[in-house]
Each structure stands twice: as structure tokens, then as C-alpha cells.
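Peer 1: Okay, handing you the structure first.
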Amino acid sequence: MNRYKVAIIGCGRVAEKHLKAYSKLKDRLELVSVSDLDMDHAKQLLAERGFTGVKIYSDYEEMLNTEKVDICAITVPSGLHYKIATFCLNKGIHILLEKPMTMSNTQSKELFELAQKVDKKIAMGHIYRYFPIVGILREDLKNGEFGKITHGTICVRWGHGQDYYDSAAWRGTWKSDGGALMNQSIHAIDLLLWLMDSKAVSVTAKLARRLRNIEAEDVGMAVMELESGALAMLEGTTATLPNDKEAMFSIFCENGSVSLGLKKGKPSLNIRNGKGRSLNFKYIRKQLSKGGFKSFSYALNPHTGIYMDLVNSIDNNTQPIADAYAGYSSVDNLLGIYKSAKEGHSVALPLDSEFCSEDMIGFFEKNENNG
Ligand SMILES: NC(=O)c1ccc[n+]([C@@H]2O[C@H](COP(=O)([O-])OP(=O)(O)OC[C@H]3O[C@@H](n4cnc5c(N)ncnc54)[C@H](O)[C@@H]3O)[C@@H](O)[C@H]2O)c1
């Protein structure tokens with residue numbers, strides 16, 4: 001078993017989840033250095049999490065030119081992902097890249113292709129693929145255990161108050177973040193299409209900005225048509241109560257249905273066969289025999305599962321469960337949603353030309369003026 005040297009670029013909110021993963025995976029990962037523009041904050045975070053002897057840099061290029069690192073976690077604002085990920089890959093470093101992969105479909109495709117060219121892994125921070133039972137359900141849905149899939153839905157009611165958006169200048173901006181769909185819902189869209197095992201061929205969408213004082217959307221809805229003929233419906237919002245967060249996925253099939261998700265931090269599972277009988281315990285048992293109790297603990301911090309998968313994929317030269325293609329295709333689908341809302345009609349997927357989140361600048365202002 002190899003032990004890999006790891007570094008973090010960006011020591012904000014999500015970096016804490018990465019640090020928790022390193023604490024759990026000490027036999028596989030050694031944190032050697034971190035980089036953040038705010039070095040004092042980085043120092044404080046490391047101390048709070050009990051990490052000692054970790055070097056701190058303000059300049060990530062200097063860090064990676066100095067330290068020998070096998071894996072780099074990129075946990076900076078989304079608008080910086082492309083530049084930093086390109087730098088890491090060109091230095092021959094595997095990356096764990098937070099979602100969304102980039103803010104542009106062509107830049108995401110470039111990263112996917114660059115990773116192949118330099119033969120390095122990109123593991124995406126698409127946490128939902130790492131929840132227990134999800135992988136087993138994907139196999140069973142794919143193998144026809146539930147029959148033909150008719151449609152799937154996701155709702156991500158991930159309430160954030162204005163204080164969350166005011167906590168950093170990049171949040172809720174088209175250039176660096178996007179809104180409730182690009183930030184809070186992209187990994188849910190990724191999971192739904194992965195479970196339904198089909199690609200989106202078109203999308204029709206609407207966006208709204210109802211409660212939060214931000215540039216981008218706080219409510220978004222979309223209907224996607226999939227290659228298989230099934231339909232997928234998405235609802236994503238941050239304009240709900242911050243203390244009542246919910247992310248729920250449902251897939252309906254000829255011979256049963258699957259619903260899973262989180263509500264107020266608690267898991268929810270409802271798997272039924274064609275006669276309406278619950279299969280919940282069958283799937284819990286399947287997960288226990290496949291991954292043991294440990295695999296259920298990944299629900300508490302899915303980043304541990306992402307790192308475990310990444311180190312195994314480096315060891316065995318396989319692709320991570322949430323790989324570079326997942327990063328690219330989810331960004332393309334998400335930008336298709338934005339483009340459809342902007343143009344007021346359905347758009348074909350994958351997009352046939354470059355579209356980036358910045359192309360949405362002025363979207364709400366223009367609509368308000370027209371209204
Ligand atoms: N997978 C998940 O569950 C999940 C959850 C939250 C956030 N995210 C993603 O993680 C990323 C970061 O989100 P966050 O909430 O932690 O943001 P944050 O604002 O809390 O942290 C970002 C950090 O990056 C630092 N930074 C900015 N520019 C830098 C640079 N050039 N070099 C080094 N450090 C730099 C900032 O100082 C800050 O400490 C976003 O892309 C977000 O979408 C993913």
C-alpha cells in the first residue's frame with residue numbers, strides 16, 4: 001500500500017472536510033503543505049484540526065515548485081479551479097478538484113483531456129456518488145433489476161441565508177460561483193444522470209432570484225430529456241430555511257422505485273419493488289456485505305470515501321468513481337441549463353460551443369428591465 005504526500009490549495013470551509021479525511025486515512029495520506037492567501041487563517045485551521053509540521057505558503061505555485069507532492073486538493077473559489085488544476089496537472093500531480101470542475105464547458109473538457117494526456121487522475125468533489133448504497137443501486141438500475149426507467153427527479157433545497165453569501169465576495173457571483181444550481185446542485189445533477197445511466201440530450205430551464213441579494217439564481221428548475229428517452233427533473237434552491245436542508249433523489253421504474261437523500265442531516269431511504277414492498281433492509285445488508293460498517297461512516301464525511309477511491313485508483317491505475325469525465329459532463333449540463341434560461345428555449349446537449357457562467361452576467365437585470 002502506497003502512502004501519498006498531499007497538499008491543499010485553499011483553506012476555507014470545505015478544506016475542513018479534507019482535513020477530516022486525512023485524519024481518518026493516516027496510513028494512506030500525509031499532509032505536507034497548504035496554501036492560502038490568508039496564511040493566518042490556514043495556520044489556525046491546521047491547529048484546530050491537530051495538524052503539526054505542515055508548511056504554509058501564500059503562493060501555491062511556490063509551494064508546488066518547492067514541495068514534493070503526489071496529490072493536490074483544490075478547494076479555492078470555483079472561478080480559480082481551471083487555472084490551478086491546469087498548473088497541478090502540468091506539474092504531474094494528481095488532483096482532488098472541488099465541484100464545479102470549472103465555470104466553462106470548454107475549459108472543463110480541456111482539463112478532462114489534459115488529465116488523460118499527462119496520465120494523472122482527477123477525482124471530483126461530487127460527494128453524492130460516495131454515499132453508501134448509491135453504488136449498488138447504480139449497478140442494479142443498470143442491470144435492469146428495476147426494469148425500464150421512466151423518469152427521475154432531484155430536489156436540492158439547500159437553504160443559505162444572506163450571511164452565507166456575504167461571507168465571501170465570490171459567493172453568488174456569475175464569474176466565480178454561479179447560484180443555487182451551479183454551486184449547491186451540480187453534484188446532485190451528476191448523481192441523478194449517473195444513476196439513470198444515460199446522457200442528457202436536451203434541457204429546458206428557468207431561473208429566478210427571489211430572496212437572496214446575489215448576482216446569480218437562488219431558485220432554478222429544469223427538465224432534461226435523456227438519450228434513453230427517460231426524463232429528469234431538477235429543482236435547486238438556496239432560498240429555503242438554512243436549518244431545514246434537504247437533498248432528495250427519486251427514480252421511477254417499471255418494476256419499482258428508488259428514493260434516497262438527506263433531510264436535516266439525516267439519511268432517508270425508500271426503495272420499493274414492483275409490488276410496493278420495501279427493499280430498504282435488502283440494500284442495507286448488501287452494503288454491509290460489500291463495504292462493511294466502515295462504508296456507512298463515509299456518509300458522515302464523503303470526502304473520506306473520495307480520497308480512499310482516489311488513492312486506490314492511483315495504486316491500480318483505474319478511474320475514480322467521480323472522475324474527470326463526470327466533472328466535465330456535469331458542467332456542460334449545468335451550463336446548458338443556464339443557456340436555456342438565458343435564451344428562453346430548449347438547448348441541445350452536449351453544448352456545441354463554448355458557454356461559461358460569466359455569459360450570464362446581466363441576466364436578471366435584463367429580464368427585470370424587460371418586465
Ligand atoms: N464538495 C462539497 O461538498 C463542497 C462543499 C463546499 C464547497 N465546495 C467547493 O469548494 C470550493 C471552495 O468553497 P469554500 O466554501 O471552501 O470557499 P471559502 O471561501 O470558504 O474558501 C476558499 C479559500 O480559498 C482561499 N483562496 C482564494 N484564492 C486563493 C489562491 N489563489 N491561492 C490559495 N488560496 C486561495 C481563500 O482565502 C479561502 O480561504 C468551491 O469551489 C465550492 O464550490 C464543495
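Peer 1: Shape of the chain from its Cα gyration tensor (a ≥ b ≥ c, root eigenvalues): rounded if a/c is under 1.5, otherwise prolate when a/b > b/c, or oblate?
Peer 2: Working: a/c = 1.58, a/b = 1.15, b/c = 1.38.
Oblate, because a/c is 1.5 or more while a/b does not exceed b/c.
Peer 1: For a quick check of understanding: with a 1.4 angstrom probe and all protein chains in place, what accessible area in square angstrom does residue 166 have, to the nearest ten?
Peer 2: 110
Peer 1: Any number yet on Rg/Rh for the stretch 74-166, C-alpha, Kirkwood?
Peer 2: Values: Rg = 17.1 Å, Rh = 16.0 Å.
Ratio of gyration radius to Kirkwood radius for the stretch 74-166: 1.07.
Peer 1: If N is the number of residues in the stretch 192-327, what value comes out of its Cα radius of gyration divided by 2.2 N^0.38 Å? Display every interim value, and only then the final one.
Peer 2: On the way: Rg = 17.7 Å, N = 136, 2.2 N^0.38 = 14.2 Å.
Taking the Cα Rg and dividing by 2.2 N^0.38 Å, one obtains 1.25.
Peer 1: Heavy atoms only, probe 1.4 angstrom, no DNA, RNA or ligands counted: give me 238, 52 ranked by accessible area, highest first. Write down the numbers at each step before the final one.
Peer 2: Details: 238 0, 52 125 Å².
Final ranking, largest accessible area leading: 52, 238.
Peer 1: A further question on this structure: If you take every DSSP beta bridge fully contained in the chain, what fraction is antiparallel? Give it as a percent rounded to 5.
Peer 2: Numbers: 43 of 70 bridges.
About 60 percent, rounded to the nearest 5.
Peer 1: Alpha carbons only, please: Rg and Dmax for the stretch 4-127, in angstrom.
Peer 2: Over the stretch 4-127's Cα set, Rg and Dmax evaluate to 13.6, 40 Å.
Peer 1: Right, something else. The stretch 304-371: which GluC sites (Glu not before Pro) are DSSP loop and have at most 12 other beta-carbon atoms within 10 angstrom?
Peer 2: Details: sites: 343, 354, 358, 365, 368; in loops: 354.
Answer in residue order: 354.
Peer 1: Quick one: dipole size for the stretch 160-255, taken about the Cα centre, charges +1 on Lys/Arg Cβ and -1 on Asp/Glu Cβ, in debye to the nearest 20. Mind dumping the intermediate values first?
Peer 2: On the way: 8 positive and 14 negative charges, 62 e Å.
For this selection, approximately 300 debye.
Peer 1: What ranking of 338, 60, 325, 82 comes out by heavy-atom accessible area, probe 1.4 Å, highest first? Please list the in-between numbers first.
Peer 2: On the way: 338 0, 60 30, 325 85, 82 55 Å².
The ordering from most to least exposed comes out as 325, 82, 60, 338.
The values are calculated or read from the model by the stated rules, or taken from the named source; none is laboratory data. Predicted model only: the values in this text are computed from it and were never measured. When we count neighbours, we look across all protein chains shown, and the Cβ atoms used for this are built from the backbone with ideal geometry, even at glycine. Note: accessible area is taken over every heavy atom of the protein model, side chains too, but ligands, DNA and RNA are not part of it. Shrake-Rupley method; radii C 1.70, N 1.55, O 1.52, S 1.80 Å.
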